[in-house]
1. For segment B:80-92, which residues satisfy the criterion of being within 14 Å of residue B:29 (Cα to Cα) and either modelled with pLDDT under 95 or facing chain A (nearest Cβ under 8 Å) (or both)?
2. Filter segment B:46-92 for residues that are aliphatic (A, V, I, L, M), farther than 20 Å from residue A:127 by Cβ and surrounded by 15 or more Cβ atoms within 10 Å (Cβ to Cβ) and give the result.
3. Of (1) at the interface with another protein chain (Cβ under 8 Å from one of its Cβ atoms); (2) open to solvent by less than 50 Å² (accessible area, probe 1.4 Å), residue B:28 satisfies all except one. Which?
4. Do we have residue B:58 as free of Cβ contacts under 8 Å to residues at least 60 places away in the same chain and either assigned to a helix (DSSP H, G or I) or within 13 Å of chain A (Cβ to nearest Cβ) (or both) here?
5. Sort through B:11, B:25 and tell me the only one that's under 12 Å from residue A:137 (Cα atoms) and at pLDDT 90 or above.
6. Suppose the filter is buried (at least 21 other Cβ atoms within 10 Å of the Cβ), in a helix (DSSP H, G or I) and touching a residue at least 24 places away in the same chain (Cβ under 8 Å); does residue B:22 pass it?
7. For segment B:2-13, give me the residue count where each residue is open to solvent by 40 Å² or more (accessible area, probe 1.4 Å) and either touching a strand residue (DSSP E or B) at 6+ places or on another chain (Cβ under 8 Å) or more than 12 Å from chain A (Cβ to nearest Cβ) (or both).
Amino acid sequence: MGCCFGKDDDSKLLDTDSNAPLIEERDAGYRPIRGSDQFSQSPNGVQIGDQQSELNKVLQRAVTNVIDVSAIDSQALEQHEYMDRARTYSSRVAVVVTGPKKPLSSFLRLPKGVSMPYSVLSEEPVSVDDINLITQTAADAWKASQDIQVTHKENLVVQFGMPQN
Amino acid sequence: MEQNLDKLLDDTMEGPGVMGVICADKQGLCYSAKGTVSVGSAGIIASLSQQAALLVPESSSAPVICLESDKGNVLIKTHQDVTIAIHKMPTY
């Protein structure tokens, strides 16, 4: 009968790749058997084990690449665990907030011109009368400034060290 | 001459709550000052108005600046190349 193996060593068979030839090419006229012919000549037990190991390898590879979200959700937190975590996170946030002081430049500093800024900020906005007053006055001032002229009264260039006549 | 500008500032001083008026050119040269304002503040108000105008560059006119404090409000406005500031107490 055509037994493909020189020795009945199943462990060697499990380690080999599925596409690798099962026997070495010692005979010149031997053609490697692939596909279904390969399994047709193998013992049934060995064939099933080979397929199972390959299937396990594929499954293992898929498991390492997949994050099972449903499995994570199934690990529901108990009430006390939830409270413990909330307390831990709160304490860490408090440490960050009240921890080492940040440089003063990172804080918004109000000007010191107002002793009670909230009273000023809560007041009414600038009245329309004031806006009209300053706008009209500025326009009139520009018109009035057009009349200003520089009158020449004395020499603009003065020579130092020259005797005055 | 400058009589028109002086008269304008005098008339402005007559307004309710007005305590001081100053007028300056765009380079901070004081044209005239009346009341509580200092002549030396002309350069500051001119520069402040120019900086405030940079906040809204797409606007065709300079903004009205209002400095509020316990000692009254200072209104600043630039028209063309003339800046004017009015120190007045808020009226309600």
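The values are calculated or read from the model by the stated rules, or taken from the named source; none is laboratory data. Model, not experiment: these values are computed from the prediction. Methodologically, a virtual Cβ is constructed for each residue, glycine included, from the backbone with ideal geometry; neighbour enumeration extends over all protein chains shown. We work out accessible area using only protein heavy atoms, side chains counted, and drop any ligands, DNA or RNA first. Shrake-Rupley method; radii C 1.70, N 1.55, O 1.52, S 1.80 Å.
1. Restricting attention to segment B:80-92, the residues satisfying the condition of being within 14 Å of residue B:29 (Cα to Cα) are B:81-85.
Of everything in segment B:80-92, those that are within 14 Å of residue B:29 (Cα to Cα) and either modelled with pLDDT under 95 or facing chain A (nearest Cβ under 8 Å) (or both) turn out to be B:81, B:82, B:83, B:84.
2. Residues of segment B:46-92 that are aliphatic (A, V, I, L, M), as a first pass: B:46, B:48, B:52-56, B:62, B:64-65, B:67, B:74-76, B:82, B:84-86, B:89.
Filter again for farther than 20 Å from residue A:127 by Cβ, leaving B:46, B:48, B:53-56, B:82.
Hits for segment B:46-92 are B:46, B:48, B:53, B:82.
3. Evaluating residue B:28 over (1) at the interface with another protein chain (Cβ under 8 Å from one of its Cβ atoms); (2) open to solvent by less than 50 Å² (accessible area, probe 1.4 Å) leaves (1) as the failure.
4. When the stated conditions are applied, residue B:58 does not pass them.
5. Details: B:25 fails: under 12 Å from residue A:137 (Cα atoms).
Of the residues listed, the single one that is under 12 Å from residue A:137 (Cα atoms) and at pLDDT 90 or above is B:11.
6. Working: buried (at least 21 other Cβ atoms within 10 Å of the Cβ): yes; in a helix (DSSP H, G or I): no; touching a residue at least 24 places away in the same chain (Cβ under 8 Å): yes.
So residue B:22 fails the test.
7. Of all residues in segment B:2-13, those open to solvent by 40 Å² or more (accessible area, probe 1.4 Å) come to B:2-4, B:6-7, B:10-11, B:13.
Among the residues that remain, those that are also either touching a strand residue (DSSP E or B) at 6+ places or on another chain (Cβ under 8 Å) or more than 12 Å from chain A (Cβ to nearest Cβ) (or both) are: B:2, B:6, B:10, B:13.
Adding up the residues that qualify gives 4.
This table checks each residue for (1) modelled with pLDDT of 90 or more; (2) open to solvent by 60 Å² or more (accessible area, probe 1.4 Å); (3) assigned to a loop (DSSP other than H, G, I, E, B); (4) among the charged types (D, E, K, R).
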residue: A:112; (1), (2), (3), (4): no, yes, yes, yes
residue: A:120; (1), (2), (3), (4): no, no, no, no
residue: A:123; (1), (2), (3), (4): no, yes, yes, yes
residue: A:135; (1), (2), (3), (4): yes, no, no, no
residue: A:144; (1), (2), (3), (4): yes, no, no, no
residue: A:149; (1), (2), (3), (4): no, yes, yes, no
residue: A:154; (1), (2), (3), (4): no, yes, yes, yes
residue: A:165; (1), (2), (3), (4): no, yes, yes, no
